[in-house]
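The values are calculated or read from the model by the stated rules, or taken from the named source; none is laboratory data. Everything numeric in this text was worked out from a predicted model, so none of it was measured. Cβ atoms come from the backbone with ideal geometry, glycine included; neighbour counts cover every protein chain shown.
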Amino acid sequence: MILSDYKDFPQQGRILGLDWGARRCGVAVSDESREYTFTRPQLYIKSQNELIEKILNIINEDKICGVVVGLPLFSDGSESETTKMVRAFAKSLSEHIELPIIFIEENLTSAAAQEEIGRKSIAKIKQELDSVSAKIILENAIAVLKRI
């Protein structure tokens, strides 16, 4: 189920953070206490069904209680075509899991991820960028949850 309010999101347990992209999906997971977040290898998207299957495996292996999906918005808060594709992905995922899914604005997470990664080869950056972005998305969501 896709939630519209963080108040309805579980207050304890591991959370999965996702940075969906047309070719790759960044993945990060919190620990049970939500004090730490960890990147996972990014998932390459061959098909939506294969991506969902890989996400389901992560959910089961890590005993995830909720999912946070980064939502790309324009600086004025309006939605783009990519925003619509992310919403469609989350809707499709929600049809396969019974966990709550919540969105969080993801503006500037790629820039923050690039800064966190530092100076590396372009190949290394491409390999890590989406999952580091997912980690930042997850950390931002956890900060919101702690304020509630």
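In the set Ala88, Ala22, only one residue is hydrophobic (A, V, I, L, M, F, W, C), farther than 16 Å from Ala141 by Cβ, in a helix (DSSP H, G or I) and out of contact with any strand residue (DSSP E or B) (no Cβ under 8 Å at 6 or more places or on another chain); that residue is Ala88. Note on segment 28-46: among residues that are touching a strand residue (DSSP E or B) at 6+ places or on another chain (Cβ under 9 Å) and free of Cβ contacts under 8 Å to residues at least 40 places away in the same chain, the one that is surrounded by the fewest Cβ atoms within 10 Å (Cβ to Cβ) is Tyr36.
Just to verify a result, which residue in segment 62-85, among those that are of a type outside the set (Ser, Thr, Tyr) and in a loop (DSSP other than H, G, I, E, B), is surrounded by the most Cβ atoms within 10 Å (Cβ to Cβ)? Before the answer, list the steps.
Taking segment 62-85 first, the residues of a type outside the set (Ser, Thr, Tyr) are 62-74, 76-77, 79, 81, 84-85.
Next, only the ones that are in a loop (DSSP other than H, G, I, E, B) stay: 63, 72, 74, 76-77.
Numbers: Lys63: 10, Pro72: 19, Phe74: 10, Asp76: 5, Gly77: 8.
By that ranking, first place goes to Pro72.
When Ile59 is tested against (1) of a type in the set (A, V, I, L, M); (2) loosely packed, with under 13 Cβ neighbours inside 10 Å; (3) under 17 Å from Glu95 (Cα atoms), exactly one condition is not met: (2). Among the residues making up segment 40-63, those that are β-branched (Val, Ile, Thr) and at pLDDT 95 or above are Ile52, Ile55, Ile58, Ile59. Is segment 101-110 home to any residue that is aliphatic (A, V, I, L, M), buried (at least 16 other Cβ atoms within 10 Å of the Cβ) and modelled with pLDDT under 95? Yes, segment 101-110 contains at least one residue that is aliphatic (A, V, I, L, M), buried (at least 16 other Cβ atoms within 10 Å of the Cβ) and modelled with pLDDT under 95.
Does at least one position in segment 20-27 carry a residue that is within 20 Å of Ser4 (Cβ to Cβ) and surrounded by 11 or more Cβ atoms within 10 Å (Cβ to Cβ)?
Within segment 20-27, the first condition is being within 20 Å of Ser4 (Cβ to Cβ), and the residues that meet it are 20.
Among the residues that remain, those that are also surrounded by 11 or more Cβ atoms within 10 Å (Cβ to Cβ) are: 20.
Checked against the condition, which is being within 20 Å of Ser4 (Cβ to Cβ) and surrounded by 11 or more Cβ atoms within 10 Å (Cβ to Cβ), segment 20-27 yields at least one hit.
Annotation note: of Leu56, Leu51, Leu16, the sole residue that is among the aliphatic types (A, V, I, L, M) and under 12 Å from the mean Cα position of the chain (by Cα) is Leu16.
Yes/no per residue for (1) in contact with a Gly (Cβ under 6 Å, 6 or more places away or on another chain); (2) part of a strand (DSSP E or B); (3) closer than 27 Å to Ile148 by Cα:
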residue: Gln12; (1), (2), (3): no, no, yes
residue: Gly26; (1), (2), (3): no, yes, yes
residue: Thr39; (1), (2), (3): no, yes, yes
residue: Leu43; (1), (2), (3): no, yes, no
residue: Lys46; (1), (2), (3): no, no, no
residue: Glu50; (1), (2), (3): no, no, no
residue: Asn57; (1), (2), (3): no, no, no
